[in-house]
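**Q** Attaching a single structure in C-alpha coordinates format; questions to follow.
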Amino acid sequence: MTLTLYNFSQSTCTQNVRLSQWEKGLAFEDRTVDHKTREHLYPAYLAPNPNGVVPTLVHDGAVIINSSVICEYLDEVFPENSLSMSEPVGQAHMRKWLRYFEEVPTPAIRVPSFNQYLARRYETMSDDQYTQMAENQSIRKHFYQRLGKNQFSDAETRESIDRLQQTVDRVGAALGADGRPWLIGDRLTIADICLMPTIDRMADLGLQSMWEEAHPNVTGWYDRFAARDAFARTYYRCTRLTEIFDSAG
Ligand SMILES: N[C@@H](CCC(=O)N[C@@H](CS)C(=O)NCC(=O)O)C(=O)O
(Lines give C-alpha, C1' and ligand atoms only; values in the text may rest on other atoms or scores of the structure.)
Protein backbone atom coordinates (compact mmCIF):
# COMPACT_ATOMS: atom_id res chain seq x y z
CA MET A 1 0.00 0.00 0.00
CA THR A 2 1.43 3.38 -0.91
CA LEU A 3 0.15 6.87 -0.21
CA THR A 4 2.02 9.62 -2.02
CA LEU A 5 1.37 13.27 -1.22
CA TYR A 6 2.30 15.89 -3.82
CA ASN A 7 2.66 19.12 -1.86
CA PHE A 8 4.32 22.45 -1.07
CA SER A 9 5.54 22.67 2.54
CA GLN A 10 3.96 26.13 3.08
CA SER A 11 0.62 25.28 1.51
CA THR A 12 -2.28 25.63 3.93
CA CYS A 13 -4.25 23.06 1.94
CA THR A 14 -1.37 20.60 2.30
CA GLN A 15 -1.37 21.29 6.05
CA ASN A 16 -5.01 20.09 6.28
CA VAL A 17 -3.91 16.76 4.88
CA ARG A 18 -0.78 16.58 7.03
CA LEU A 19 -2.83 17.13 10.20
CA SER A 20 -5.15 14.28 9.16
CA GLN A 21 -2.20 12.10 8.25
CA TRP A 22 -0.54 12.48 11.65
CA GLU A 23 -3.76 12.34 13.66
CA LYS A 24 -4.39 9.00 11.97
CA GLY A 25 -0.77 7.83 12.15
CA LEU A 26 -0.35 7.19 8.42
CA ALA A 27 2.92 6.97 6.49
CA PHE A 28 3.11 8.98 3.27
CA GLU A 29 5.69 9.16 0.55
CA ASP A 30 6.47 12.84 0.37
CA ARG A 31 6.70 14.43 -3.07
CA THR A 32 7.55 18.14 -2.90
CA VAL A 33 6.32 19.96 -5.98
CA ASP A 34 8.69 22.74 -7.09
CA HIS A 35 6.71 25.99 -7.07
CA LYS A 36 9.69 27.97 -8.43
CA THR A 37 9.66 26.07 -11.71
CA ARG A 38 5.84 25.87 -11.57
CA GLU A 39 5.95 22.10 -11.60
CA HIS A 40 2.28 22.09 -10.57
CA LEU A 41 1.49 23.40 -14.06
CA TYR A 42 3.52 20.80 -15.96
CA PRO A 43 1.45 18.40 -18.09
CA ALA A 44 2.63 15.49 -15.89
CA TYR A 45 1.03 17.15 -12.82
CA LEU A 46 -2.03 18.52 -14.65
CA ALA A 47 -2.92 15.07 -15.96
CA PRO A 48 -3.94 13.77 -12.52
CA ASN A 49 -4.84 17.19 -11.11
CA PRO A 50 -6.13 19.51 -13.86
CA ASN A 51 -6.61 22.29 -11.28
CA GLY A 52 -2.84 22.77 -11.10
CA VAL A 53 -2.79 23.22 -7.32
CA VAL A 54 -1.50 21.12 -4.43
CA PRO A 55 -2.14 18.82 -2.68
CA THR A 56 -2.70 15.68 -4.71
CA LEU A 57 -2.83 12.29 -3.01
CA VAL A 58 -2.16 9.08 -4.90
CA HIS A 59 -3.29 5.95 -3.08
CA ASP A 60 -2.21 2.76 -4.85
CA GLY A 61 -2.71 4.48 -8.20
CA ALA A 62 -6.01 6.20 -7.31
CA VAL A 63 -5.77 9.99 -7.55
CA ILE A 64 -7.61 12.03 -4.92
CA ILE A 65 -7.62 15.84 -5.08
CA ASN A 66 -8.97 18.71 -2.93
CA SER A 67 -7.68 18.82 0.62
CA SER A 68 -10.97 18.30 2.48
CA VAL A 69 -11.90 15.50 0.07
CA ILE A 70 -8.51 13.91 0.79
CA CYS A 71 -9.10 14.23 4.56
CA GLU A 72 -12.53 12.59 4.28
CA TYR A 73 -11.15 9.91 1.96
CA LEU A 74 -8.35 9.01 4.40
CA ASP A 75 -10.84 8.83 7.25
CA GLU A 76 -13.10 6.51 5.29
CA VAL A 77 -10.39 4.19 4.02
CA PHE A 78 -8.44 4.10 7.31
CA PRO A 79 -11.16 4.18 9.98
CA GLU A 80 -8.80 3.86 12.95
CA ASN A 81 -8.45 7.13 14.94
CA SER A 82 -11.63 8.46 13.38
CA LEU A 83 -11.87 12.17 12.61
CA SER A 84 -15.54 12.11 11.65
CA MET A 85 -18.82 11.97 13.54
CA SER A 86 -20.48 8.62 14.07
CA GLU A 87 -24.01 9.71 13.20
CA PRO A 88 -25.49 11.58 10.21
CA VAL A 89 -26.48 14.82 11.99
CA GLY A 90 -22.99 15.25 13.47
CA GLN A 91 -21.47 14.40 10.10
CA ALA A 92 -23.69 17.00 8.41
CA HIS A 93 -22.51 19.63 10.93
CA MET A 94 -18.92 18.74 10.19
CA ARG A 95 -19.49 19.05 6.43
CA LYS A 96 -21.37 22.33 6.90
CA TRP A 97 -18.16 23.77 8.37
CA LEU A 98 -16.03 22.29 5.59
CA ARG A 99 -18.16 23.93 2.88
CA TYR A 100 -18.11 27.23 4.77
CA PHE A 101 -14.30 27.11 5.09
CA GLU A 102 -13.96 26.38 1.37
CA GLU A 103 -16.22 29.26 0.44
CA VAL A 104 -15.19 31.95 2.92
CA PRO A 105 -11.82 31.81 4.76
CA THR A 106 -9.81 29.55 2.44
CA PRO A 107 -9.96 31.95 -0.54
CA ALA A 108 -9.74 34.95 1.82
CA ILE A 109 -6.49 33.94 3.51
CA ARG A 110 -4.70 33.90 0.14
CA VAL A 111 -5.09 37.67 -0.16
CA PRO A 112 -3.05 38.82 2.89
CA SER A 113 -0.66 35.88 2.31
CA PHE A 114 0.15 37.18 -1.17
CA ASN A 115 0.09 40.85 -0.12
CA GLN A 116 2.56 40.30 2.71
CA TYR A 117 4.77 37.53 1.32
CA LEU A 118 3.91 35.38 -1.66
CA ALA A 119 3.73 38.20 -4.23
CA ARG A 120 7.47 38.76 -3.62
CA ARG A 121 8.13 35.72 -5.80
CA TYR A 122 7.09 37.72 -8.84
CA GLU A 123 8.95 40.99 -8.11
CA THR A 124 11.81 40.23 -10.48
CA MET A 125 9.59 39.18 -13.38
CA SER A 126 9.03 41.58 -16.24
CA ASP A 127 5.42 42.57 -16.88
CA ASP A 128 5.35 40.29 -19.93
CA GLN A 129 6.72 37.34 -17.96
CA TYR A 130 4.12 37.91 -15.26
CA THR A 131 1.27 38.18 -17.79
CA GLN A 132 2.43 34.91 -19.37
CA MET A 133 2.74 33.20 -15.98
CA ALA A 134 -0.84 34.23 -15.08
CA GLU A 135 -2.11 33.14 -18.49
CA ASN A 136 -0.53 29.69 -18.02
CA GLN A 137 -2.37 29.04 -14.74
CA SER A 138 -5.21 26.57 -14.56
CA ILE A 139 -7.91 27.52 -12.02
CA ARG A 140 -5.82 30.42 -10.61
CA LYS A 141 -5.53 32.45 -13.83
CA HIS A 142 -7.95 35.20 -12.76
CA PHE A 143 -6.53 35.21 -9.25
CA TYR A 144 -3.03 36.00 -10.54
CA GLN A 145 -4.44 38.53 -13.00
CA ARG A 146 -6.16 40.35 -10.13
CA LEU A 147 -2.98 40.24 -8.05
CA GLY A 148 -1.15 41.90 -10.94
CA LYS A 149 2.47 41.28 -9.79
CA ASN A 150 2.10 43.44 -6.76
CA GLN A 151 -0.74 43.60 -4.25
CA PHE A 152 -4.45 42.96 -4.32
CA SER A 153 -6.62 46.06 -4.52
CA ASP A 154 -7.63 47.76 -1.27
CA ALA A 155 -11.23 46.66 -1.87
CA GLU A 156 -10.25 43.00 -2.28
CA THR A 157 -7.93 43.18 0.73
CA ARG A 158 -10.69 44.68 2.89
CA GLU A 159 -13.15 42.05 1.73
CA SER A 160 -10.77 39.22 2.60
CA ILE A 161 -10.13 40.62 6.09
CA ASP A 162 -13.87 40.95 6.57
CA ARG A 163 -14.35 37.30 5.58
CA LEU A 164 -11.61 36.21 7.99
CA GLN A 165 -13.23 38.25 10.74
CA GLN A 166 -16.58 36.60 10.08
CA THR A 167 -14.87 33.21 10.32
CA VAL A 168 -13.26 33.84 13.71
CA ASP A 169 -16.52 35.35 14.98
CA ARG A 170 -18.48 32.26 13.92
CA VAL A 171 -15.87 29.88 15.29
CA GLY A 172 -15.69 31.86 18.54
CA ALA A 173 -19.47 31.70 18.87
CA ALA A 174 -19.55 27.95 18.14
CA LEU A 175 -16.82 27.21 20.68
CA GLY A 176 -18.41 29.51 23.22
CA ALA A 177 -21.87 27.98 22.98
CA ASP A 178 -21.28 25.32 25.63
CA GLY A 179 -17.57 25.49 26.36
CA ARG A 180 -16.91 22.68 23.89
CA PRO A 181 -13.24 21.93 23.16
CA TRP A 182 -13.68 21.30 19.43
CA LEU A 183 -15.92 22.74 16.72
CA ILE A 184 -18.52 19.96 16.73
CA GLY A 185 -18.25 19.02 20.39
CA ASP A 186 -15.99 16.69 22.34
CA ARG A 187 -14.09 15.20 19.42
CA LEU A 188 -11.53 16.72 17.14
CA THR A 189 -12.84 16.27 13.59
CA ILE A 190 -11.90 17.19 10.03
CA ALA A 191 -13.72 20.49 10.63
CA ASP A 192 -11.05 21.50 13.19
CA ILE A 193 -8.35 20.19 10.88
CA CYS A 194 -9.54 22.25 7.91
CA LEU A 195 -9.78 25.38 10.04
CA MET A 196 -6.34 25.20 11.67
CA PRO A 197 -4.19 26.10 8.62
CA THR A 198 -6.14 29.35 8.16
CA ILE A 199 -5.88 30.30 11.84
CA ASP A 200 -2.20 29.36 11.97
CA ARG A 201 -1.54 31.41 8.80
CA MET A 202 -3.42 34.36 10.30
CA ALA A 203 -1.15 34.13 13.36
CA ASP A 204 1.89 33.91 11.07
CA LEU A 205 0.72 37.08 9.31
CA GLY A 206 0.31 38.87 12.65
CA LEU A 207 -3.50 38.88 12.57
CA GLN A 208 -4.07 37.31 16.02
CA SER A 209 -5.66 40.51 17.27
CA MET A 210 -8.69 39.54 15.19
CA TRP A 211 -9.61 36.97 17.87
CA GLU A 212 -7.37 37.42 20.91
CA GLU A 213 -9.52 39.89 22.81
CA ALA A 214 -12.94 39.15 21.41
CA HIS A 215 -12.65 35.35 21.35
CA PRO A 216 -10.24 33.91 23.94
CA ASN A 217 -11.88 30.54 23.27
CA VAL A 218 -10.31 30.60 19.79
CA THR A 219 -6.92 31.02 21.48
CA GLY A 220 -7.83 28.12 23.77
CA TRP A 221 -8.79 25.97 20.75
CA TYR A 222 -5.52 26.88 19.00
CA ASP A 223 -3.41 26.06 22.07
CA ARG A 224 -5.24 22.76 22.60
CA PHE A 225 -4.57 21.76 19.00
CA ALA A 226 -0.97 23.04 19.07
CA ALA A 227 -0.23 20.74 22.02
CA ARG A 228 -0.94 17.65 19.88
CA ASP A 229 1.78 15.60 18.31
CA ALA A 230 0.10 15.89 14.86
CA PHE A 231 0.47 19.67 15.00
CA ALA A 232 4.21 19.55 15.76
CA ARG A 233 4.73 17.07 12.91
CA THR A 234 2.72 19.16 10.46
CA TYR A 235 4.37 22.48 11.23
CA TYR A 236 7.98 21.52 10.66
CA ARG A 237 10.44 24.28 9.84
CA CYS A 238 9.64 26.21 6.64
CA THR A 239 5.94 25.50 6.70
CA ARG A 240 5.30 29.11 7.73
CA LEU A 241 5.75 32.13 5.49
CA THR A 242 7.77 34.05 8.09
CA GLU A 243 10.27 31.18 8.21
CA ILE A 244 10.63 31.19 4.44
CA PHE A 245 10.61 34.91 3.69
CA ASP A 246 11.91 36.69 6.82
CA SER A 247 15.60 36.05 7.30
CA ALA A 248 15.15 36.62 11.04
CA GLY A 249 12.22 34.17 11.16
N1 LIG B 1 -9.47 23.53 -3.02
C2 LIG B 1 -8.11 23.12 -3.15
C3 LIG B 1 -7.22 24.36 -3.18
C4 LIG B 1 -5.77 24.01 -3.31
C5 LIG B 1 -4.88 25.24 -3.39
O6 LIG B 1 -5.34 26.36 -3.56
N7 LIG B 1 -3.58 25.02 -3.29
C8 LIG B 1 -2.62 26.13 -3.33
C9 LIG B 1 -1.65 26.03 -2.17
S10 LIG B 1 -2.53 26.15 -0.62
C11 LIG B 1 -1.82 26.06 -4.62
O12 LIG B 1 -1.45 25.00 -5.05
N13 LIG B 1 -1.55 27.22 -5.23
C14 LIG B 1 -0.75 27.29 -6.42
C15 LIG B 1 -0.33 28.71 -6.68
O16 LIG B 1 -0.78 29.63 -6.01
O17 LIG B 1 0.47 28.93 -7.57
C18 LIG B 1 -7.73 22.19 -1.99
O19 LIG B 1 -8.27 22.36 -0.90
O20 LIG B 1 -6.92 21.28 -2.20
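**Q** Taking a probe of 1.4 angstrom, what is the accessible area of residue 96 in Å², to the nearest 10?
**A** In the full protein context, residue 96 sits at about 110 Å².
**Q** Please say if segment 14-110 is rounded, prolate or oblate, where rounded means a/c under 1.5 for a ≥ b ≥ c the square roots of the C-alpha gyration tensor eigenvalues, and otherwise the choice is prolate for a/b larger than b/c and oblate otherwise?
**A** Here segment 14-110 falls in the oblate category.
**Q** Excluding residue 168 itself, what net charge comes from residues whose Cβ is under 12 Å from its Cβ, given Lys and Arg +1 and Asp and Glu -1?
**A** -2
**Q** So what is the calculated 222 nm ellipticity per residue for the chain, using -39500 (n - 2.57) for each DSSP H run with n of 4 or more, over all residues, to the nearest 500 deg cm²/dmol?
**A** Counting only the DSSP helices, I get -16000 deg cm²/dmol.
**Q** On a 1.4 Å probe surface of the protein chains, which of 28, 225 comes out largest in accessible area, and what is the full order?
**A** Solvent-accessible surface, decreasing: 28, 225.
**Q** Further question: Can you work out the Karplus-derived ³J(HN,Hα) for every residue in segment 109-126? Use 6.51 cos²θ - 1.76 cosθ + 1.60 with θ = phi - 60°, whole Hz, and x for glycine or proline.
**A** Listing the rounded values in order: 5, 5, 5, x, 5, 6, 4, 7, 9, 5, 5, 4, 4, 9, 4, 8, 6, 6 Hz.
**Q** To the nearest 20 debye, what charge dipole does the chain have about its Cα centre, counting +1 at the Cβ of each Lys and Arg and -1 at the Cβ of each Asp and Glu?
**A** Value, rounded to 20: 280 debye.
**Q** Once ligands and nucleic acids are excluded and a 1.4 Å probe is used, how much of residue 163 is accessible, expressed in Å² to the nearest 10?
**A** Looks like 80 Å² after rounding.
**Q** Here's a follow-up. Could you calculate the contour length gain from residue 102 to residue 51, that is, 0.36 nm times the residue separation minus the distance between their Cα atoms, to one decimal place in nm?
**A** 16.8 nm
**Q** Pairs on different chains or at least eight residues apart, Cα atoms closer than 23 Å: how many lysine pairs in the chain fit?
**A** 4
**Q** Ok, one more. As a test of reading the structure, rank 187, 110, 201, 99 by solvent-accessible area (1.4 Å probe, protein chains only), most first.
**A** 99, 187, 110, 201
**Q** Normalized C-alpha radius of gyration of the chain, against 2.2 N^0.38 Å? Spell out each step's value before the answer.
**A** Numbers: Rg = 18.0 Å, N = 249, 2.2 N^0.38 = 17.9 Å.
Computed over Cα atoms of the chain, the ratio equals 1.01.
**Q** Roughly how much of residue 39 is accessible, in Å² to the nearest 10, using a 1.4 Å probe?
**A** About 40 Å², ignoring ligands and nucleic acids.
**Q** Net charge within 11 Å of residue 90 by Cβ-Cβ distance, Lys/Arg positive one each and Asp/Glu negative one each, not counting residue 90 itself?
**A** Charge balance in the 11 Å sphere: +1.
**Q** Let me ask another. Test of understanding: what is the full-extension gain from residue 136 to residue 237, defined as 0.36 nm times their sequence separation minus their Cα-Cα distance? Provide the component values of the computation, followed by the final result.
**A** On the way: separation 101, 0.36 × 101 = 36.36 nm, distance 3.04 nm.
Working it through step by step, the gained length comes to 33.3 nm.
The values are calculated or read from the model by the stated rules, or taken from the named source; none is laboratory data. Given the structure is predicted, the values throughout are model-derived calculations rather than measurements. Quick reminder, even Gly has a Cβ in these numbers, built from the backbone with ideal geometry, and neighbours come from all protein chains shown. Ligands, DNA and RNA are excluded from the accessible area calculation, which covers all protein heavy atoms including side chains. Shrake-Rupley method; radii C 1.70, N 1.55, O 1.52, S 1.80 Å.
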